[in-house]
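The values are calculated or read from the model by the stated rules, or taken from the named source; none is laboratory data. None of the values given here were measured: they were computed from a predicted structure. Cβ: placed from backbone, ideal geometry, glycine included. Neighbour counts: every protein chain shown. Only protein heavy atoms, including side chains, enter the accessible area calculation; ligands, DNA and RNA are left aside. Shrake-Rupley method; radii C 1.70, N 1.55, O 1.52, S 1.80 Å.
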Amino acid sequence: MILTEADRAVSAGPARMRARSIIVIGAGVVGVATAYALARRGAKVILIDRAETAGRGTSYANGAQLSYVYTDALANPALLKRIPALLIGLDPVFRLRPSVDPAFFGWLLGFLRNASSTRFRSNTIEGLRLGLESRRALHSLLERHPIAFDHAAPGKLHIHEHPASLAAARAMAELKGGHGAIQHCLTRAEVVAIEPALAARRGAFAGAIYTPDEEVGDPYLFCNAMLAVLRRDYAVDIRLETNVAAIDGTADRAVAICAEGERIEADEIVLCTGIDTMRLLRGTGISAPILPMKGYSFTAPAGAAMPKVSITDVVRKIVFCRLGTKLRVAGLAELGVHDTTIDARRLDQLRGSSRAVLPDAANYDAAHGGWAGLRPVTPSSLPIIRRARSRISLNVGHGMLGWTFAMGSAERVARMILGEDR
C-alpha cells in the first residue's frame, strides 16, 4: 500500500485515537465506507453484517448512479400538492402506503414541515455539499486503492417532457451553480448530440439538464472490493453471517448482542443499518425518523443502442445506467412499504416503461429476474449523522442517495467520533 500525505497525517494522530475500538454494524456502501474512514484514522474496527457477503441489502442492485449534484430533496411544494393522490394510489409510479403506527405520522409531519420552498432549497443545497464531499472522498480512496467496480464518469441527463418542468429544473441548476455544481440546460437537439440513443426515445421532450461530471459504479462490487482492502491494509475484523439482535451503549463499553448469544464489545458502536436501524434502536430510547421507500431494478445485456450517458426520465422516474457491458434500470417508489418481495406486476411495469422510453437500449427479454430493495428515507432527505448516546452513533437514513452520500457521510461520522476538526 502506498501512503499519501493525508494517510501519514492521519496515522500520526493521538495514540488514543489509534487505539480506539469501534463496531460498525452494516456492510453496505455506507458501512464499508465508514469502516474505511475510521480504520484509516487508526481506529480498531470490527465490521459486522448478517449476510454472507457485503452489500446484500439496499446496496445490492440499486440504480448505481453516483449523483453528486442531483441531490434534490424529496419533500417539496410540488409533491405536497400530490399527497392526497398518493395516499389513494392514483400515481402509478410513486405510492404512499399509510399506517396507523405513530412513527409514520411523526415522519409524515416532519416531511410536511420540510416541503416548504425554503426548506426544500436548503435541504437540497446541504445534500449537494455532502455529495461533493463524497466525490472528493471517493477519488481520494481510489488514488490509494484502485479497486474495480465498473466505475466511470459518463455524465448524466435528466429528461424533461414539459417546458414548465424544464424551466423549474433550470432554476434549481442555477441555484446549485452558486454552490459548486456544474449543470447545463439543453434543448432536445443538444441532448441527442450528446447521447444519440435518445434519438429513438418514444415521445417528444422539451430538453434536459446535463451534469457532465456525474459518475456510476456497481455498489455491490464496491462493497466486496472494499472488504479485501479493509482486511489486507487496515486489519479490520470482518464478521459476516453475524446477526446482531440488540445493542447496548449505556455502560462503560458498547456491546453488540448477537442472536446466537455472543457479545461483541468495543468502545463505541456506529449503526450503518439502513431501514434495519429501527429494529436495533428498540428499547434504547433513541429515535431516528426513517421510513422505507421500496424500489425496483433489473439488469439487462446491452441492446443495439445502449446509452453511454446515464439517463433519468423525470416523468416516469426511471434511471438508465450503463455498467460495463450491461444496463441497470431502476425506478418506482413505494413509500412506507416494509418488505422486499418482488411484485411481478410492478417489475413488469418497470420493464414495459423502460422499453417504451428506450426500446433499443437493452435486450429486455434477457434481463435477470429483478430486484427490490428498501431505501431508508428521512423527512428532510438528509442522512442522520449524529452521536445518539455517549457510545452509540448513527450514520443512517441516506434514502435514494445512499451510494452517492456513502463516502462523505463516512468521513463526517469518523471526524465526529474521533474528535477531528472539519
(message) Ratio of alpha-carbon Rg to the 2.2 N^0.38 Å globular estimate for the stretch 212-279, to two decimals, please.
(response) 1.41
(message) Per-residue counts of other Cβ atoms within 10 Å, averaged by peptide: what ranking do you get for 74-87, 39-52, 343-356, highest first?
(response) 39-52, 343-356, 74-87
(message) Probe radius 1.4 Å, ligands and nucleic acids ignored: give me the carbon and sulfur share of the accessible area of the stretch 142-253 as a rounded percent.
(response) 54 percent
(request) Would you be so kind as to identify which of Leu271, Val229, Gly352 lies farthest towards the positive end of the dipole of the chain, taking Lys and Arg as +1 and Asp and Glu as -1 on Cβ and the Cα centre as origin? (result) Leu271
(request) Please work out how much accessible surface Lys294 shows to a 1.4 Å probe, ignoring ligands, DNA and RNA, in Å² rounded to 10. (result) 10 Å²
(request) State the Kirkwood hydrodynamic radius of the chain in Å, one decimal place, computed from all pairs of distinct Cα atoms. (result) 22.0 Å
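Compare Met226, Met400, Met306, Met416 by solvent-accessible area with a 1.4 Å probe and give them largest first, with all protein chains kept in place.
Details: Met226 0, Met400 105, Met306 20, Met416 60 Å².
Ranked list, largest accessible area first: Met400, Met416, Met306, Met226.
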(message) Relative contact order for the stretch 177-274: what percent, with Cα pairs under 8 Å and sequence separation of 6 or more?
(response) 15 percent
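Under the definition of Cα pairs under 8 Å and six or more residues apart, what whole-number percent is the relative contact order of the chain?
Values: 927 pairs, mean separation 105.4, N = 422.
Here the relative contact order equals 25 percent.
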(request) Would you work out which of Ala300, Phe111, Ile392 lies farthest towards the positive end of the dipole of the chain, given +1 charges on the beta-carbon of Lys and Arg and -1 on that of Asp and Glu, about the Cα centre? (result) Phe111
(request) Measure out, as a whole number of angstrom, how far apart the alpha-carbon centroids of the stretch 18-90 and the stretch 357-422 sit. (result) 2 Å
(request) Would you compute, from DSSP H runs of 4+ residues alone, the mean residue ellipticity of the chain at 222 nm, taking -39500 (n - 2.57) per run and dividing by the full residue count, rounded to the nearest 500? (result) -11000 deg cm²/dmol
(request) Determine how large the accessible area of Asp233 is when every protein chain is in place; take a 1.4 Å probe and give Å² rounded to the nearest 10. (result) 40 Å²
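Compare Lys326, Lys317 by solvent-accessible area with a 1.4 Å probe and give them largest first, with all protein chains kept in place. Don't jump to the answer; show the numbers that get you there.
Numbers: Lys326 110, Lys317 80 Å².
Largest accessible area first, the residues go Lys326, Lys317.
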(message) At 1.4 Å probe radius, can you tell me the per residue accessible area of the stretch 289-422 in Å²?
(response) 35 Å²
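So how strong a dipole does the stretch 189-241 carry about its Cα centre when Lys and Arg Cβ are +1 and Asp and Glu Cβ are -1, to the nearest 20 debye?
On the way: 5 positive and 9 negative charges, 41 e Å.
That gives a dipole near 200 debye.
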(request) Could you size up the charge dipole of the chain around its Cα centre, putting +1 on the beta carbon of Lys and Arg and -1 on that of Asp and Glu, and report it in debye to the nearest 20? (result) 620 debye
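What dipole magnitude, in Debye to the nearest 20, does the stretch 316-364 give about its Cα centre under +1 on Lys/Arg Cβ and -1 on Asp/Glu Cβ?
My answer is approximately 220 debye.
Which semi-axes, in whole Å and largest first, does the equivalent ellipsoid of the stretch 330-422 have when worked out from the alpha carbon gyration tensor as the square roots of 5 times its eigenvalues?
Values: eigenvalues 268, 46, 21 Å².
So the three semi-axes of the stretch 330-422 are 37, 15, 10 Å.
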